[in-house]
Amino acid sequence: MNYKHIEEILTDDIAGKVVNIRGWIYRKRRVGKLIFFVLRDSTDIVQCVVDKKTAGAEKFKMLDKVGVESSITLTGTVQKEERAPTGYEVHVQNFEIVGESYNFPIGRDKSDEFLLDNRHLWMRSREMNAILKIRSTVFDALHEFFVENGYYETHGPMFVTGAVEGGSTLFEVPYFGRKAYLTQSSQFYLETLIFSLEKVFTIAPSFRAEKSRTRRHLTEYWHAEAEVAWYHNEDMMRDEERMIVHIIQRVLKDRKKELEMLNRDVEFLKNIDTPFERMKYEKIIEFANEHGLELKYGDDLGADEETFITKHFNAPVFVTHYPQEIKPFYHRPDPDNPRVVLCHDLLAPEGYGEIIGGGERIYKLEVLLRRLEEENLNPDDYFWYVDLRRYGSVPHAGFGLGVERFVWWLAGLDHIKHAIPYPRTIRRLTP
Ligand code: NSS
């Protein structure tokens with residue numbers, strides 16, 4: 001049997017024709033000798049109508065009895081019907097219930113917690129369906145961008161022995177009598193790989209034992225990271241802004257319907273273009289103070305500060321030249337002002353905040369050894385990272401994009417946990 005997807009039958013060309021479709025019953029009601037139900041599949045929804053005479057009394061009764069989310073295959077004629085939710089209606093000639101469903105636990109007005117407890121079922125909602133499609137297109141567009149721009153895909157290990165982004169958010173795991181950690185970032189491994197491939201990227205999970213409960217922190221998230229030999233901070237930012245615009249354009253092209261379903265302001269996204277504004281950290285502190293947020297030089301920008309600041313932005317902004325003390329040891333100090341490092345964070349507008357962290361790495365051996373010492377880190381723990389500066393070191397830069405952070409902003413979601421199928425946070429480990 002040749003089945004069509006619902007999306008394909010919602011056209012005037014198909015109206016009047018007989019089709020086979022299949023999916024799940026999304027809504028259902030009986031009106032005398034007619035049963036109206038809305039069928040959903042991965043692509044869309046369509047209203048279907050079954051009359052008792054055509055179906056036969058027994059099958060009609062069976063259909064009347066089963067609940068929403070029963071799976072069904074059917075054959076019917078498509079008709080234009082303006083009153084139906086997607087403008088067409090299928091007059092069912094024959095159907096088979098494949099998997100019955102009774103008392104599906106998710107109804108209207110369930111709390112966020114309830115929906116998270118039942119996320120394995122909530123995944124079927126129209127809302128999750130739209131988010132999952134946007135997310136899928138983001139991964140696709142990321143790959144597309146990297147490959148088109150000469151990056152090789154590669155992978156680092158997830159079990160590691162040291163911190164990249166500071167020790168406080170490391171997850172420790174027992175490892176055959178030794179101590180291992182789940183990686184916070186694949187950056188250091190990517191740095192080793194540029195000595196072979198020059199331009200590399202990876203899209204992999206990263207883990208952070210984040211104790212903070214914010215709208216933007218997960219303990220496990222997908223991290224799109226890149227590293228490039230011979231690049232300086234500015235070169236890296238130029239690729240990043242092109243990458244962000246490329247993904248936005250792809251999502252606008254392929255996922256406009258989904259963005260609209262989520263009530264995302266599509267016009268706002270359309271206007272985002274390169275180049276993004278660059279602002280030094282120092283200026284951001286001034287900007288915050290001018291807008292009534294008291295910050296002093298040296299303060300880190302946390303979730304609340306970024307929310308406040310980026311509510312005043314209408315496009316992403318790169319913040320560069322952070323003070324060395326508030327950034328990890330590997331950032332290259334600015335030769336013109338060694339108090340600051342050649343790094344950048346990309347802040348998404350509308351109150352969303354940081355979606356990318358990146359910058360230029362220290363490439364001189366003596367500078368790296370000094371910085372490790374200043375941070376009380378043991379060079380032996382980083383012997384292979386240090387080695388890179390011993391054998392033909394080159395200037396290089398890289399970045400990490402938090403994919404859920406990006407999807408969170410792009411889709412205009414209220415919490416990052418909606419941007420991943422199964423969120424992991426300080427409190428949530430199931431389903
Ligand atoms: O800590 S970062 O700012 N930077 C790094 O990990 C670098 N080692 C990346 C690199 O240069 N290769 O994290 C990068 C991004 C950050 O901008 C966020 O978008 C995201 O990773 N991120 C997170 N997303 C979700 N949840 C949590 N907890 C989280 N932490 C960082």
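The values are calculated or read from the model by the stated rules, or taken from the named source; none is laboratory data. Fair warning: this is a prediction, and the values are worked out from it, not measured in the lab. For neighbour counting, all protein chains shown are included, and Cβ atoms are generated from backbone atoms with ideal geometry for every residue, glycine included. Each accessible area value is taken on the protein alone, full model and side chains, heavy atoms only, with ligands, DNA and RNA left out. Shrake-Rupley method; radii C 1.70, N 1.55, O 1.52, S 1.80 Å.
Given the options LYS80, LYS33, LYS17, name the one that is without any contact (Cβ under 8 Å) to a residue 60 or more places away in the chain and open to solvent by 50 Å² or more (accessible area, probe 1.4 Å). Write out each step before concluding.
Details: LYS80 fails: without any contact (Cβ under 8 Å) to a residue 60 or more places away in the chain; LYS17 fails: without any contact (Cβ under 8 Å) to a residue 60 or more places away in the chain.
Going through LYS80, LYS33, LYS17 in turn, the sole match is LYS33.
If LEU295 passes every condition in (1) outside any helix (DSSP H, G or I); (2) open to solvent by 50 Å² or more (accessible area, probe 1.4 Å); (3) not charged (D, E, K, R) but one, which one does it miss?
Tallying (1) outside any helix (DSSP H, G or I); (2) open to solvent by 50 Å² or more (accessible area, probe 1.4 Å); (3) not charged (D, E, K, R), LEU295 fails exactly one: (2).
Looking at (1) exposed (fewer than 14 other Cβ atoms within 10 Å of the Cβ); (2) more than 16 Å from the ligand (Cβ to nearest atom); (3) among the acidic types (Asp, Glu), which one does GLU153 not meet, given that it meets all the others?
Result: GLU153 fails condition (2) only.
Taking ARG264 as the residue in question, decide whether it is in contact with a helix residue (DSSP H, G or I) (Cβ under 9 Å, 6 or more places away or on another chain), outside any helix (DSSP H, G or I) and more than 15 Å from VAL407 (Cα to Cα).
Details: in contact with a helix residue (DSSP H, G or I) (Cβ under 9 Å, 6 or more places away or on another chain): yes; outside any helix (DSSP H, G or I): yes; more than 15 Å from VAL407 (Cα to Cα): no.
No: the conditions fail for ARG264.
Within the range 164-189, can you find the residues that are assigned to a strand (DSSP E or B), within 16 Å of the ligand (Cβ to nearest atom) and over 23 Å from the mean Cα position of the chain (by Cα)?
First, the residues of the range 164-189 that are assigned to a strand (DSSP E or B): 171-175, 178-182.
Next, from what is left, pick out any that are within 16 Å of the ligand (Cβ to nearest atom): 171, 181-182.
TYR181, the sole residue that qualifies.
Against the condition within 13 Å of the ligand (Cβ to nearest atom) and not in a loop (DSSP other than H, G, I, E, B), how does LEU401 come out, does it pass?
Details: within 13 Å of the ligand (Cβ to nearest atom): yes; not in a loop (DSSP other than H, G, I, E, B): yes.
Criteria met by LEU401.
Among VAL173, VAL164, VAL160, which is among the aliphatic types (A, V, I, L, M) and surrounded by fewer than 15 Cβ atoms within 10 Å (Cβ to Cβ)? Before the answer, list the steps.
On the way: VAL164 fails: surrounded by fewer than 15 Cβ atoms within 10 Å (Cβ to Cβ); VAL160 fails: surrounded by fewer than 15 Cβ atoms within 10 Å (Cβ to Cβ).
When all the criteria are applied, what remains is VAL173.
Could you tell me whether the range 310-321 includes any residue that is part of a helix (DSSP H, G or I), within 16 Å of the ligand (Cβ to nearest atom), buried (at least 21 other Cβ atoms within 10 Å of the Cβ) and within 22 Å of the chain's Cα centre (by Cα)? Walk me through it before giving the result.
Within the range 310-321, the subset part of a helix (DSSP H, G or I) is 310.
Keeping just the survivors that are within 16 Å of the ligand (Cβ to nearest atom) gives 310.
If we keep only those that are buried (at least 21 other Cβ atoms within 10 Å of the Cβ) as well, we get 310.
Those still in the list that are within 22 Å of the chain's Cα centre (by Cα) too: 310.
Within the range 310-321, one or more residues are part of a helix (DSSP H, G or I), within 16 Å of the ligand (Cβ to nearest atom), buried (at least 21 other Cβ atoms within 10 Å of the Cβ) and within 22 Å of the chain's Cα centre (by Cα).
All but one of (1) at pLDDT below 95; (2) open to solvent by 50 Å² or more (accessible area, probe 1.4 Å) hold for GLU325, so report the exception by its number.
(1)
Are there any pairs with C-beta distances below 9 angstrom linking a residue in the range 195-222 that is open to solvent by 30 Å² or more (accessible area, probe 1.4 Å) and within 11 Å of the ligand (Cβ to nearest atom) to a residue that is in a loop (DSSP other than H, G, I, E, B) and of a type in the set (Gly, Ala, Ser), with the two at least 6 apart or on different chains, and if so which?
Listed by first residue and then by second, the contacts come to SER212/GLY302; THR214/GLY302.
Is it the case that some residue within the range 232-254 is within 16 Å of the ligand (Cβ to nearest atom), open to solvent by 20 Å² or more (accessible area, probe 1.4 Å) and touching a Pro at 6+ places or on another chain (Cβ under 7 Å)?
There is at least one residue in the range 232-254 that is within 16 Å of the ligand (Cβ to nearest atom), open to solvent by 20 Å² or more (accessible area, probe 1.4 Å) and touching a Pro at 6+ places or on another chain (Cβ under 7 Å).
Do you know which residues across the range 373-396 are buried (at least 20 other Cβ atoms within 10 Å of the Cβ) and hydrophobic (A, V, I, L, M, F, W, C)?
Result: LEU388, single match.
Looking at the range 49-63 only, could you name the residues that are assigned to a helix (DSSP H, G or I) and surrounded by 14 or more Cβ atoms within 10 Å (Cβ to Cβ)? Steps first, please.
Quick first cut of the range 49-63, residues assigned to a helix (DSSP H, G or I) only: 52-55, 57-63.
Scanning the range 49-63 gives LYS52, THR54, ALA55, LYS59, PHE60, MET62, LEU63.
What number of residues in the range 397-416 are closer than 26 Å to GLU260 by Cβ and either open to solvent by less than 30 Å² (accessible area, probe 1.4 Å) or polar (S, T, N, Q) (or both)? Before you say what the answer is, go through the steps one by one.
Of all residues in the range 397-416, those closer than 26 Å to GLU260 by Cβ come to 401-416.
Now restrict to residues that are either open to solvent by less than 30 Å² (accessible area, probe 1.4 Å) or polar (S, T, N, Q) (or both): 401-404, 406-411, 413, 416.
Matching residues across the range 397-416 total 12.
Do we find a residue being over 23 Å from GLY392 (Cβ atoms) and assigned to a helix (DSSP H, G or I) anywhere in the range 192-206? Spell out how you get there, then give the answer.
Step one: filter the range 192-206 for residues over 23 Å from GLY392 (Cβ atoms), giving 203-206.
When the remaining residues are screened for being assigned to a helix (DSSP H, G or I), the result is none.
No, the range 192-206 contains no residue that is over 23 Å from GLY392 (Cβ atoms) and assigned to a helix (DSSP H, G or I).
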